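A short worksheet on the structure shown next.
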Amino acid sequence: MSRNYWLFKSEPDAFSLDDLRVMGHEHWDGVRNYQACNMLRDDIHEGDGVLFYHSRIKEPAVVGIAQVARSGYPDFTAWNPESKYFDPRASAEKPVWYMVDVAFVAQLPTPVTLNQIKGHPALTDMMVARKGSRLSVQPVRPEEWRAVLALGGIGVDPLG
C-alpha cells in the first residue's frame, strides 16, 4: 500500500506542534465533522504523512511534519461525559467518531503560510487554499507534499 498525505489543522492554543514534539505522539481526537471523520476511519493509515497546520492565528501556516502512528479507531473522548468532545450518541459499542494517532517528525525550518500556498502555482489547488474550505483533515497530493516541504526548507522527505 502506498503512502498518502494529509493536512491536519489545529489551533495552537489547543494543541500545537510543540505540544506534539514534547509528547512524541498523541491521538488526534475531537474531530466532529462527518467527512473528516470518515477519512480518519477509512482512509488515513499508519505510515501516512501529515502536514501540521496551525489555524486561527494571525498568519495560518504549515509548521511541521507528523506521521500517522496508528490507523483510525473509535474516538473514546466521545463517550466520556467529562470530555469537551462528549457526544451522548456515541458509545464503545456504537462509536460515532474516530481518531488516529500521530507522531512528531520535524518542524519546518520556515513555516509555509496560507498566503504562500495560495500564491504558489503548484499549490493553488490544495484544499486548504480553496475559499470556504474548513475541514480540519484534508487530503494532500504527493506533488503538493513535496512543494510544501521545499518551501518550508526541507529538501529531502524525512518520511522517505
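Any read-out appearing in this document is the output of simple, stated calculations on the displayed coordinates, not a laboratory observation. In this text, all values refer to a predicted model and were calculated from it rather than measured experimentally. Note: ideal-geometry Cβ built from the backbone for every residue, glycine included; neighbour counts use all protein chains shown.
So the values come out like this:
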| item | result |
| --- | --- |
| In degrees, nearest ten, helix 142-151 long axis to first principal axis of the chain (Cα) | 60 degrees |
| Coil-residue trypsin sites (Lys or Arg not before Pro) of the stretch 1-94, DSSP, other Cβ within 10 Å capped at 12 | R56, K58, K84, R89 |
| Projected label distance in nm at M127 and F76, using a 7 Å step from Cα toward the beta-carbon | 2.7 nm |
| Cα-based Lys pair tally, the stretch 36-160, threshold under 26 Å, eight or more apart or on separate chains | 5 |
| Two-decimal Rg/Rh across the stretch 5-151, once Rg and the Kirkwood Rh are taken from alpha-carbon atoms | 0.97 |
| Longest segment of the chain lacking GluC sites (Glu not before Pro) that sit in a DSSP loop with at most 15 other Cβ atoms within 10 Å | 94-160 |
